[in-house]
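J.: Here you go, one structure.
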Amino acid sequence: MEKRIYNFSAGPAILPEEVLLEAQKDLYSYKGSGMSVMEMSHRGKIFDSIIKEAEADLRQLLDISDNYSVLFLQGGATLQFSMVPLNLMPLPNKADYIVTDAWAEKAVKEAKRVGTVNIAASTKSENFVRIPKQNELKLDPDAAYLHFTSNNTIFGTQWKKEPEAGNVPLVCDASSDFLHKKIDINKYGLIYAGAQKNIGPAGVTVVTIRKDLLERSSDYLHTYLNYKIHAENESMYNTPTTFGIYIAGLVFKWLLNMGGLEEMYTRNLEKAKILYDAIDASEGYYKGTTVKEDRSLMNVTYKLPNEQLEEKFIREASVKGFSGLKGHRSVGGVRASIYNAFPLKGVEELVEFMKDFKEKN
Ligand SMILES: *Cc1c(COP(=O)(O)O)cnc(C)c1O
């Protein structure tokens with residue numbers, strides 16, 4: 001078999017090897033059906049069991065009760081920037097947003113087309129190096145919801161604990177850390193996540209929504225934009241992204257087989273610690289770009305003494321088979337995305353490379 005590289009891409013990102021091999025085995029003819037998952041009707045028996053199992057496994061991973069609908073939609077997290085306010089902001093049309101990354105800014109941009117956005121907190125003036133504290137949040141008790149971004153893919157910060165919203169429904173963009181640990185779903189009104197970072201291929205977006213919130217969706221909304229329609233049709237109002245849902249389903253099984261999200265979290269903590277310890281032990285040669293207590297377990301961002309060295313680092317790393325390490329253009333430096341599927345061994349080898357590079361440069 002061909003060799004795989006260490007893929008540190010921020011997204012679309014690495015998938016578990018076991019999942020790829022399983023999909024490969026069944027690609028030509030899915031479990032003796034004589035056709036691939038891509039070629040079969042989404043209304044047929046086989047796909048029906050694929051989507052039902054994917055939902056059941058996701059419910060098991062996160063203990064999602066019957067109070068919540070699970071939807072598999074399209075349009076990425078970006079369409080959710082619009083669907084959330086269109087569905088959840090009834091009159092007087094106002095919602096709270098916490099701005100911790102360029103993604104949250106994009107969510108705000110769409111919400112403003114629907115109603116009044118109150119910026120409950122923003123760390124933009126500090127170049128998003130940290131997550132705001134609870135006592136900094138200017139919350140409106142009458143807001144339709146409070147929106148936050150659990151992991152900030154570009155800047156490399158992450159909420160260790162969700163903000164407290166009181167009785168206001170909490171809405172979360174979890175695109176880059178969904179399923180990296182167990183969360184208490186009952187604290188959330190709605191969670192959405194584009195799949196291509198931590199749960200599957202691009203094209204699927206997972207949404208969990210508390211059922212009472214479905215009542216806010218107006219009949220005047222365009223049909224595809226209406227959560228209630230998707231819930232009533234069990235994500236089959238139109239042709240869903242069948243292959244993406246199938247792969248996400250395999251990822252859910254991979255997580256269950258490993259022991260679930262507690263085990264996944266332990267592994268994620270271990271991987272991130274190795275990398276951050278190496279950064280902190282480098283006597284300032286490598287510098288983390290965020291405050292320590294808000295560091296992301298998923299996207300590890302850091303800088304070298306100057307841009308020339310950063311370019312050299314990324315170039316030499318890529319020759320060694322470490323790909324996707326270049327930081328986002330708005331931050332610069334290095335970004336190592338070490339999502340669920342990223343192997344421990346790859347992190348250990350990167351750390352070896354970092355030590356070696358420092359010695360030589
Ligand atoms: C990648 C990303 C998005 C955008 O996702 P699309 O699926 O491309 O629309 C939104 N939010 C966060 C936090 C992301 O990491």
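The values are calculated or read from the model by the stated rules, or taken from the named source; none is laboratory data. Owing to the predicted nature of the structure, the values given are computational and were not obtained by experimental measurement. Backbone-built Cβ (ideal geometry, glycine too); neighbour counts: all protein chains shown. When the accessible area is computed, the model is the full protein with side chains, heavy atoms only, and any ligands, DNA or RNA have been set aside. Shrake-Rupley method; radii C 1.70, N 1.55, O 1.52, S 1.80 Å.
J.: Quick one: which residue in ALA77, ALA95 is within 21 Å of LYS124 (Cβ to Cβ), hydrophobic (A, V, I, L, M, F, W, C) and more than 16 Å from the ligand (Cβ to nearest atom)? It would help to see each step written out before you state the result.
T.: On the way: ALA77 fails: more than 16 Å from the ligand (Cβ to nearest atom).
So the residue among ALA77, ALA95 that is within 21 Å of LYS124 (Cβ to Cβ), hydrophobic (A, V, I, L, M, F, W, C) and more than 16 Å from the ligand (Cβ to nearest atom) is ALA95.
J.: Turning to a different aspect of this structure: Which of the residues spanning the stretch 180-201 are within 16 Å of the ligand (Cβ to nearest atom) and either among the polar types (S, T, N, Q) or not in a loop (DSSP other than H, G, I, E, B) (or both)?
T.: Selection gives LEU190, ILE191, TYR192, ALA193, GLY194, GLN196, ASN198.
J.: Could you please let me know if SER122 is within 16 Å of the ligand (Cβ to nearest atom), open to solvent by 40 Å² or more (accessible area, probe 1.4 Å), of a type in the set (S, T, N, Q) and under 22 Å from THR290 (Cα atoms)?
T.: Considered against the rule, which asks whether it is within 16 Å of the ligand (Cβ to nearest atom), open to solvent by 40 Å² or more (accessible area, probe 1.4 Å), of a type in the set (S, T, N, Q) and under 22 Å from THR290 (Cα atoms), SER122 comes out as yes.
J.: Okay, next question. Within 16 Å of the ligand (Cβ to nearest atom) and either open to solvent by 70 Å² or more (accessible area, probe 1.4 Å) or in a helix (DSSP H, G or I) (or both): is that true of TYR220 in this structure?
T.: Considered against the rule, which asks whether it is within 16 Å of the ligand (Cβ to nearest atom) and either open to solvent by 70 Å² or more (accessible area, probe 1.4 Å) or in a helix (DSSP H, G or I) (or both), TYR220 comes out as no.
J.: So, in the stretch 49-97, exactly how many residues are closer than 22 Å to ASP142 by Cα, part of a loop (DSSP other than H, G, I, E, B) and touching a Ser or Thr at 6+ places or on another chain (Cβ under 7 Å)?
T.: Matching residues across the stretch 49-97 total 1.
J.: Report, by residue number, each residue of the stretch 323-339 that is in contact (Cβ under 8 Å) with a residue 60 or more places away in the chain and open to solvent by 10 Å² or more (accessible area, probe 1.4 Å).
T.: SER323, GLY324, HIS328, SER330, VAL331, ARG335
J.: Filtering the stretch 202-214 down to residues that are more than 11 Å from the ligand (Cβ to nearest atom) and either open to solvent by 10 Å² or more (accessible area, probe 1.4 Å) or free of Cβ contacts under 8 Å to residues at least 12 places away in the same chain (or both), which residue is farthest from GLY75 (Cα to Cα)?
T.: Applying the filter and picking the extreme gives ASP212.
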